[in-house]
1. When the stretch 19-68 is examined, which residues are found to be in contact with a helix residue (DSSP H, G or I) (Cβ under 9 Å, 6 or more places away or on another chain), among the hydroxyl-bearing types (S, T, Y) and more than 28 Å from F137 (Cα to Cα)?
2. Might you let me know whether the stretch 5-24 holds any residue that is out of contact with any Ser or Thr (no Cβ under 7 Å at 6 or more places or on another chain) and closer than 30 Å to P128 by Cα?
3. Could you give every pair whose Cβ atoms fall below 8 Å, whose first residue belongs to the stretch 117-128 and is closer than 13 Å to R85 by Cβ, and whose second residue is part of a helix (DSSP H, G or I) and basic (K, R), counting only separations of at least 6 or pairs across chains?
4. Find the strands (runs of 3 or more DSSP E) located wholly in the stretch 53-129 whose residues include 2 or more that are charged (D, E, K, R), under 19 Å from the mean Cα position of the chain (by Cα) and surrounded by 12 or more Cβ atoms within 10 Å (Cβ to Cβ), and list them.
5. Are any residues in the stretch 68-105 in contact (Cβ under 8 Å) with a residue 24 or more places away in the chain and of a type in the set (S, T, Y), and if so, which ones?
6. Between I82, I127, which is at pLDDT 95 or above, farther than 16 Å from V63 by Cβ, touching an Asp or Glu at 6+ places or on another chain (Cβ under 8 Å) and among the β-branched types (V, I, T)?
7. Looking at the stretch 130-156, which of the residues that are outside any loop (DSSP other than H, G, I, E, B) and among the hydrophobic types (A, V, I, L, M, F, W, C) is modelled with the lowest pLDDT?
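The values are calculated or read from the model by the stated rules, or taken from the named source; none is laboratory data. Since the model is a prediction, treat every value here as computed from it, not as a measurement. Please note: Cβ atoms are built from the backbone with ideal geometry, for glycine as well, and neighbour counts cover all protein chains shown.
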Amino acid sequence: MDAKRELLNVLLSNARVSTADLARQTGLSESEVESLVAELESEGVVRGYHAVVDWNQLSEEHVEAEVELNVELDRETGYEEIARRIAKFPEVASLRLVSGDYDFAVDVEGESMHDVSNFVSEQIAPIPEVTQTVTHFVMETYKKRGIEFDDRDEDDRLSVSP
């Protein structure tokens, strides 16, 4: 495995690891690690560092939804242009062009189901090229960005057999 790929794998598992630990885990020197990280950032390979948040552990409300979008393209408008318009909204956490039954997969976040549904109906659905939206509200998260949320209360229901 090349040094960049190995470094990326370590960063994906824990982006807060120190340069010294990155060097130890990859077999590179600290200066090589610093240089590679700077190179990966300047090339746009590494675009940011994010915390994985378990919103259920906080008392404030937070809602996530996965929204499927179908679009109809014309001669002047392509997927890239539609994606640029949708990506500008702060409620849009991620946006991907996908294969299958719909065109775009959009992860939307808000403070309530009402906020998310209003955002979809008032900001996304009216985009002229959008022909259909389907919103799936996230009810429970078990794993996100490779991190399992396994510290949930155990299910204390009794098993019932007929």
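1. Within the stretch 19-68, T19, T26, S29, S31 meet the criteria.
2. no
3. Final answer for the pair search is I127/R85.
4. Numbers: elements: 63-71, 92-97, 104-110.
It comes to 63-71, 104-110.
5. T77, Y79, Y102
6. Details: I127 fails: touching an Asp or Glu at 6+ places or on another chain (Cβ under 8 Å).
When all the criteria are applied, what remains is I82.
7. I147
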